[in-house]
Amino acid sequence: MGNKSKLNAVGILEDNDALRNNICCYIDAMPDYFIAFSAPCYSSIENKVIDCVPDFILLDIHLKETLGIDVIPKLLKRFPNTSIIIMTGDQSEEHILQAFEKGAKGYLYKPFTMADTISTMQSLVNNGSYMSPVAATKLIGMLNKKEPVVSIKEKFALTEREYEIVQLIKEGLAYQAIADKLYISYHTVNHHLKNVYVKMDVKSRSELIANYLTR
């Protein structure tokens, strides 16, 4: 599978045999690359000794046994310094986001040329990540649709003191312990909490915790 004195080792997980073999032949013919492993599914390499840690793994998003995205954590646990490149014809925005959240560094859309595999790996070396223009456009569109994260303080217009008390309740402190920590009286804590309950539309500490502080 090539001369292992070459610079970059590449692993391939792709269940399309013809595509996998074509990628193998092309990459192994490149002067700076060799194939560390090539398999149709993760289970094929799960208990197999890999002689050389791959610098890159080309990962099909739809493997026969599972979704490729779901094996990203397993691959990174085994090869923590490896850059994972997703290969897919699926343009699902959700899959793009999930892949990057789980640790993928590149996204390569099918159909792609064999030269695209090398240019993507070179981009990862130079820039740390790579996304095709189509994937980038979809991901940006999805992120723009997401609602901005608003804190409890902003959402319910809590004062600084009310927010401090809510945070201490979240930590599990009793009213007297909160009073001692903030150098205020028990009755002052109780007064602030009554205001919090009104603003957050809850009737008790337990309801406050159940509705907002366990999320």
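Only the coordinates and a few stated rules stand behind these numbers; no lab work does. Every value quoted in this text rests on a predicted model; they were computed, and no experiment measured them. Backbone-built Cβ (ideal geometry, glycine too); neighbour counts: all protein chains shown.
For region 1-114, relative contact order (Cα pairs under 8 Å, six or more residues apart, normalised by length) works out to 24 percent. Bridges between two residues of region 10-67, per DSSP, are antiparallel at a rate of about 10%.
Across ALA39, ALA18, ALA177, mean-square fluctuation computed from a Gaussian network of the chain (C-alpha pairs under 10 Å connected) peaks at ALA177. Which net charge results when you count Lys and Arg as +1 and Asp and Glu as -1 among the other residues whose beta-carbon is under 12 Å from that of ASP201? Here the charged neighbours net out to +2. Extent of the chain along its three principal axes (Cα atoms, max minus min coordinate, largest first): 77, 35, 33 Å. Between GLU207 and SER123, what's the calculated FRET efficiency when r is the beta-carbon distance and R0 is 35 Å? Round to 0.05. Calculated value: 0.10. The modelled label-to-label distance for the pair ARG78/THR188, using points 7 Å beyond Cα in the direction of Cβ, is 5.9 nm.
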